[in-house]
Amino acid sequence: MTEVPATIEDKDDTTGLVYTVALDYVAAQDVTVTITLTNDAGHASAPDYSTLAGSQHDGKIALHGDTGKVTYDGASTVTVVIPAGSKSVSFIVDPTMEANQNAFNPEGMEKVVATITGTSNNATAVTDTVNNAGASATGVIYDGNPISLRNLDGDFTLKYSLSSSVAENGDFGYTIGVDSGKKDPKLTTDYNDTIYVGYYQDGSETSSYSNLANSQDNGPDGTKTDGNQSITTVDLGAGDDLMVIRGNMLTNTRVYAGEGNDTFTMDGMNTALRSMYAGSYLFMESGNDTVTIKRTGVTNAGQIYLGSGSDTFTQGDANDQNNTELSGLLDLGSGTQDKSNMPNEYLSVYQDGSNLSLGNDNNIDAVTDVNTVTIYGSVSGEILGGYGSDNITITKNLTGNVSVGDNTDTLTAGWIYGGATVSMGDGNDTVTVTEGAYNTTISLGAGDDVFDATAGVMGDSVSATLVNGEDGNDTIKLGTIGKNLTVDAGAGDDTVILTKDYDPSPIGNQGYINGGEGTDTLVLSGTITVNMATKTDEGIANFEKVDMTVNSELKVDNSSQTIKLTASDVLGMNANSTIYISGDANDKVDLGADGAGGLGTFTATATTTKATALDGTEHTYTLYSSASGANVYIDNNIIDNGGVI
């Protein structure tokens, strides 16, 4: 970061540093001005703005505009002719972009200092330089090639960074600034930066694990960025930046990705170390960013803030045993109400007194932002979401916490246990459990939510497990139901789908399923038998309908199901002591809940009614009533085929 004009090496011959040679009068005849380009340490030289063998782009020094004449001698002299009738002529220094090398790259920024050293026709050059104008002017060329390092052990920012000459000799903990007297800091820019740690400039792998580390910085400006000589801070600035680390990210390290759509990749090659240590912070900041932690078999204990924008986070490898673990924090952009929740470690300005901005993101997602998280392994740490739509996949175990904001969010996990908590916030959310859950609390929040555990086992014999649907028309799908499970669908017209046999009559056998307030439907899917008895802390309660016409996807299905219930079950089922049962010719209703073939205390009546079942068609129902006040309306499709037993 300098206070003079800057450019970056690229393949565009219209960009570069533009210098203007001006008279304070209109020339009566041609005026020739000789300009010398400084050529020593820290300064650009002829190969930096000339034809270079093997380059990606050959630079040049040439006339900029239509007036005058510019010649360059191929070394350090530029000659400008201001024609009669004109006051000024401009020339452009278009930098050369070298080929990417199969080697580490020690090149830092280079100054281009142009100084007037000769004039013709009695023109006199001013002697002073004020505000980068007068006798000389300075511009800066930033390296457009990837910056590649063996290790990154020192600050690497817009203003303070590693000395390229020291780094070339192998010491990577030496931070200098643009005004330190040293001429070669390897600064980041507000262009699109690429930084490789442990990779050669051409992107090829090295044999080094190459970490982002925090050994004490020996440079004179090691405290200017973050106030601490023993903290390594990287500031990538604006632009769509790429940073790739072959090794690991050690404690007391900070990365600020800055504005733009940035990409951060860490291989974590040293499996003896954690991929990110506690005390390491990754701030992706604003933009649609991508973070990838590749290596499996390691633990990520870092603090990762994806910031505002639609972001993508991937940890682990789908093809390598799913054995990585997130034990730290992954924040998807959880700030709220125009208030940032960034940690104290997130510094807003450089600590050199200049008030130069360092971190300026509020970590607040917009409602239109969409975040995608895939963890091939487990989470024992914490994942936080905000106003955006968050889609989270954990292939193995969730023993930590997931809390997302109010939007349409999804969570898929293998096992959820170990005191884990899930809070999905308001919105139409989906939670899928592929293996099972126990010793956990899962809150779906307000909204029309879907909870799907058809492939899993819910509950165990030791710890309490709670699924809370809260407000909204929720759909809850259950597979194997174990002990100590409580499902509370909450307020709204909810649908609970059972795909396995359910019988709470042996005390302590299965969990408690509560439809809650509203008109709730219990769906039987597959060839199963369900007993609607209610016991202490288990059983089925607060349902108004039973539907056996559809499967777990709520599509028409003709499997054979049996529902068992007694008058006392119906009396305790809901406030009206009335339940409707829909089915087809293959289904059974056991009104005695004993398989004895009687109707229990029920009697068939002549009262009928019509209603639409979940298969989308209108069904006719006949009332079976009990002297106790219990009423069951049974589908005539069941009755007519001898299904009331």
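The values are calculated or read from the model by the stated rules, or taken from the named source; none is laboratory data. Computed from a predicted structure; not experimentally measured. Backbone-built Cβ (ideal geometry, glycine too); neighbour counts: all protein chains shown.
Determine whether the stretch 489-500 contains at least one residue that is part of a loop (DSSP other than H, G, I, E, B) and modelled with pLDDT under 95. No; the residues of the stretch 489-500 include none that is part of a loop (DSSP other than H, G, I, E, B) and modelled with pLDDT under 95. Number of residues in the stretch 557-589 that are touching a Ser or Thr at 6+ places or on another chain (Cβ under 8 Å), of a type in the set (A, V, I, L, M) and surrounded by fewer than 18 Cβ atoms within 10 Å (Cβ to Cβ) equals 1. Which of the following residues is under 21 Å from Leu524 (Cβ atoms), part of a strand (DSSP E or B) and out of contact with any strand residue (DSSP E or B) (no Cβ under 6 Å at 6 or more places or on another chain): Ala611, Ala606? On inspection, the qualifying residue turns out to be Ala611. Within the stretch 444-481, can you find the residues that are among the small types (Gly, Ala, Ser), assigned to a loop (DSSP other than H, G, I, E, B) and under 26 Å from Gly508 (Cβ atoms)? Across the stretch 444-481, the qualifying residues are Gly459, Ser461, Ser463, Ala464, Gly469. The number of residues in the stretch 83-111 being within 21 Å of Pro5 (Cβ to Cβ) and either polar (S, T, N, Q) or not in a loop (DSSP other than H, G, I, E, B) (or both) comes to 11.
Within this structure, Glu9 fails the test of being closer than 18 Å to Asn132 by Cα and either among the acidic types (Asp, Glu) or in the same structural domain as Asp235 (by TED's automatic domain parsing) (or both). For the subset of the stretch 245-268 comprising residues that are surrounded by fewer than 21 Cβ atoms within 10 Å (Cβ to Cβ) and under 19 Å from Tyr199 (Cβ atoms), which member is nearest to the chain's Cα centre (by Cα)? Out of the qualifying residues, it is Thr263.
Rundown of residues vs (1) in contact with a Ser or Thr (Cβ under 8 Å, 6 or more places away or on another chain); (2) among the polar types (S, T, N, Q); (3) at positive phi; (4) modelled with pLDDT of 95 or more, yes/no style:
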| position | (1), (2), (3), (4) |
| --- | --- |
| Asn323 | yes, yes, no, no |
| Ser327 | yes, yes, no, yes |
| Thr336 | no, yes, no, no |
| Tyr350 | yes, no, no, yes |
| Ile394 | yes, no, no, yes |
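Among the residues of the stretch 541-555, those that are closer than 11 Å to Asp615 by Cα, in contact (Cβ under 8 Å) with a residue 60 or more places away in the chain and either part of a strand (DSSP E or B) or within 40 Å of the chain's Cα centre (by Cα) (or both) comprise Asp547, Val550, Leu554.
Among the residues of the stretch 82-138, those that are touching a residue at least 12 places away in the same chain (Cβ under 8 Å) and among the acidic types (Asp, Glu) comprise Asp94, Glu98, Glu107, Glu110. Remark: pairs (first residue in the stretch 593-609, within 17 Å of Thr578 (Cβ to Cβ); second residue part of a loop (DSSP other than H, G, I, E, B); Cβ separation under 6 Å; 6+ apart in sequence or on different chains) = Leu599/Leu591; Gly600/Thr566; Gly600/Leu591; Gly600/Gly592; Phe602/Leu591.
Taking the stretch 261-291 as the range and being farther than 15 Å from Gly328 by Cα and polar (S, T, N, Q) as the test, the residues that pass are Asn261, Thr263, Thr265, Asn270, Thr271, Ser286, Asn288, Thr290. A single member of Asn218, Asn214, Asn192 is at pLDDT below 90, within 21 Å of Met243 (Cα to Cα) and part of a loop (DSSP other than H, G, I, E, B), and it is Asn214. Taking the stretch 319-387 and the strands (runs of 3 or more DSSP E) fully enclosed by it, the elements with 3 or more residues that are over 14 Å from the mean Cα position of the chain (by Cα) and over 19 Å from Gly309 (Cβ atoms) are at 377-379. Across the stretch 26-44, the qualifying residues are those that are hydroxyl-bearing (Ser, Thr, Tyr) and modelled with pLDDT of 95 or more, and the one among them that is nearest to Ala99 (Cα to Cα) is Thr36.
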